[in-house]
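Below is one structure, written out as structure tokens; the observations come after it.
The values are calculated or read from the model by the stated rules, or taken from the named source; none is laboratory data. Just so it is clear, the model here is predicted, and its values are computed rather than measured. Cβ sites come from the backbone with ideal geometry, for glycine too, and all protein chains shown count toward neighbours.
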Amino acid sequence: MRNIPAIYLVLLFILLIGASSCAQLTSFQTGRTLGKGQTEITPSVSLLGVVDNPAVSSELGSFVLPFGDISLQHGISERFDLGLKVSTGLNAQLSGKYQFVGDKQSKSALSLGAGLSYQLAGEELVLRYHLPLYYSLHFSEKSAFYATPRYMLQQVRNDDNFHFLGLTAGYMHSFNDRLDLGTEFGLHRPFNAGNASENLMLLGVGLKYRFRKK
């Protein structure tokens, strides 16, 4: 019986590392791109809830873990952004975003994204390929609803691959032309060879700051 708490701590540590890696499922982006020469930084904190996990539900049940990430976006052109994101899971993601519907004044905007993230989990190399779609509806210059459906493929060396399907949606409030506050909720479902595992639920808040152009 004395070994049970230690086993639980080991399980929680492993789950924390795995959960933190899912920080790359956050969005905090609308369908609009930044514009050429504009740079934006977004620190965020979130909670990850894991439910219906058959591997641990009999022992630990559902659980919630905190994580954080920070992203940097730069406008390469008026319609294309290049981004870098790092998280508390010690992984990094390089991404691109191209706006093909609307512009910076449109009420509706739609962009296609693509990204590659890298993580070294112990001796295992983990690669994740992201394909998000960024949509937003702008009620005014100060408020917008956004939604990010996403497909992600996770490849682990010497292990099985996982697919992720899900959606993140949120509300973005602009205080001025340089500072925004976003709140979002996400639900993603990983599956492997047709067998789904746990549900991943995200709840987070992020602060976006745009630097002045030189």
Checklist line | Filtered residues of the stretch 13-35 (kept if small (Gly, Ala, Ser) and either in a helix (DSSP H, G or I) or modelled with pLDDT of 95 or more (or both)) | finding: GLY18, ALA19, SER20, SER21, ALA23, GLY31
Next item on the list: Output the number of the condition that VAL64 fails; it satisfies all remaining conditions of (1) modelled with pLDDT under 85; (2) not in a strand (DSSP E or B).
Entry: (2)
Next item on the list: With respect to GLY89, determine if the residue is within 24 Å of PHE211 (Cα to Cα) and either surrounded by 15 or more Cβ atoms within 10 Å (Cβ to Cβ) or charged (D, E, K, R) (or both).
Entry: no
Next item on the list: Residues being assigned to a strand (DSSP E or B), over 25 Å from VAL156 (Cα atoms) and among the hydrophobic types (A, V, I, L, M, F, W, C): count how many of those fall in the stretch 71-120.
Entry: 8
Check: Which one is nearest to ARG210 (Cα to Cα) among residues in the stretch 63-81 that are buried (at least 20 other Cβ atoms within 10 Å of the Cβ) and under 16 Å from the mean Cα position of the chain (by Cα)?
Finding: GLN73
Next item on the list: Among the candidates GLY182, GLY170, GLY102, single out the residue that is surrounded by 14 or more Cβ atoms within 10 Å (Cβ to Cβ), more than 18 Å from GLU40 (Cα to Cα) and modelled with pLDDT of 95 or more.
Entry: GLY170
Notebook entry, point to check: Of these, ALA114, ALA92, which one is within 16 Å of the chain's Cα centre (by Cα), of a type in the set (Gly, Ala, Ser) and at pLDDT 95 or above?
Noted result: ALA114
Notebook entry, point to check: Does VAL205 meet the test of being assigned to a strand (DSSP E or B), among the aliphatic types (A, V, I, L, M), under 21 Å from GLY68 (Cβ atoms) and modelled with pLDDT of 90 or more?
Noted result: yes
Item checked: Unmet criterion (only one of (1) under 18 Å from LYS208 (Cα atoms); (2) assigned to a strand (DSSP E or B)) for SER140 -> (2)
